[in-house]
Amino acid sequence: MKQVTHPVDGRSSRWQRHRAVRRIELITAARDAVAANGAALSMEEIATACGTSKSVFYRYFKDKAGVQAAVGEYFVTRMRRRMVAAASEADTFAAMIHALVSEYLKSVAASGEVYRFVVTAPKERGSTIERFVDSVRDLLMEQHVRHHGSRATSVGVLKCWAASTVGMVRGAGEAWLELGDDPAKPDRHTMSRIITTWAVEGLRPVTGSESAPPTSPTRTTGEPPVPENRQES
């Protein structure tokens with residue numbers, strides 16, 4: 001039986017390509033508007049800065065949250081690509097952590113208002129930021145196995161370590177970003193080294209020989225130990 005083929009509608013194909021190109025144009029225009037004018041821009045202000053109207057944006061994005069999600073996808077896709085490349089080139093575990101932290105801080109420092117615009121989107125399951133955080137957690141797990149082997153740490157502990165490390169780095173990075181022009185703010189390279197030390201030394205996975213915490217934590221600050229509160233008998 002002869003197979004029936006349907007001719008491709010050239011007009012439909014061209015229209016789909018036009019919409020795809022126009023969508024990218026609106027995403028990059030919105031990103032530039034936010035970068036220049038701040039994360040608190042309303043949709044009216046974003047549209048005006050882009051030389052168009054809200055109705056044009058709403059043909060491509062459902063609402064402001066949709067614009068935030070699209071800009072976020074554009075932003076974090078490029079950031080993750082750079083992080084993956086940096087991690088793959090590192091020859092030690094500590095160098096890998098430092099590479100990831102450096103790329104993260106570099107991105108948020110260069111596009112602070114865009115980052116704020118993206119992370120202030122309404123929280124929802126499966127959001128752009130949630131997917132990005134999960135992907136970086138998985139990247140950390142893969143890199144840990146690359147440097148230490150699959151038997152170094154159980155999968156459950158490794159997943160908890162990776163999640164806590166991502167949370168710490170993100171929290172530290174956002175706090176650092178909010179310092180703005182504070183004279184006490186460390187420069188990006190110093191902050192990268194500080195966060196790397198916290199991640200490698202303070203949140204390193206627990207091995208079998210370190211199943212329980214020491215009774216007297218080692219102090220490195222030179223401060224006297226805090227006395228224990230004991231009830232008198």
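The values are calculated or read from the model by the stated rules, or taken from the named source; none is laboratory data. Because the structure is predicted, anything quoted here is derived from the model rather than measured. Ideal geometry is used to build each Cβ from the backbone, glycine not excepted, and the neighbour counts take in all protein chains shown. Calculation scope for accessible area: heavy atoms of the full protein, side chains included, ligands and nucleic acids excluded. Shrake-Rupley method; radii C 1.70, N 1.55, O 1.52, S 1.80 Å.
Using a simple charge model, +1 on the beta-carbon of Lys and Arg, -1 on the beta-carbon of Asp and Glu, nothing else, what dipole does region 51-196 show about its Cα centre, in debye to the nearest 20?
400
What accessible area per residue comes out for region 129-208, rounded to a whole number of Å², with a 1.4 Å probe? Don't skip to the end; give the middle numbers.
On the way: 4480 Å² over 80 residues.
Value for region 129-208: 56 Å² per residue.
Each label point is 7 Å from the Cα along the Cα-to-Cβ direction; what then is the distance between the points at residue 175 and residue 18, in nm?
With each label point 7 Å from Cα toward Cβ, the separation is 5.2 nm.
Please report, in cubic angstrom per residue, the volume enclosed by the convex hull of the alpha-carbon atoms of region 35-131.
Hull volume over Cα atoms, normalised by residue count, gives 102 Å³.
Leaving ligands, DNA and RNA out of it, work out the accessible area of residue 111 with a 1.4 Å probe and give it in Å² to the nearest 10.
Probe radius 1.4 Å; accessible area of residue 111 about 40 Å².
If each of residue 159 and residue 197 carries a label point 7 Å out from its Cα toward its Cβ, how far apart are those two points in nm?
According to this spin-label approximation, the distance is 3.3 nm.
Just to confirm a number: summing +1 for Lys and Arg and -1 for Asp and Glu over residues other than residue 22 whose beta-carbon lies under 13 angstrom from that of residue 22, what do you get?
+4
Please give the FRET efficiency for residue 92 paired with residue 185, using the beta carbon to beta carbon distance and R0 = 35 Å, rounded to the nearest 0.05.
Here the calculated transfer efficiency is 0.80.
What whole-number value in Å² describes the accessible area per residue of region 25-115 for a 1.4 Å probe? Present the calculation step by step, with values, prior to reporting the outcome.
On the way: 4030 Å² over 91 residues.
Per-residue value: 44 Å².
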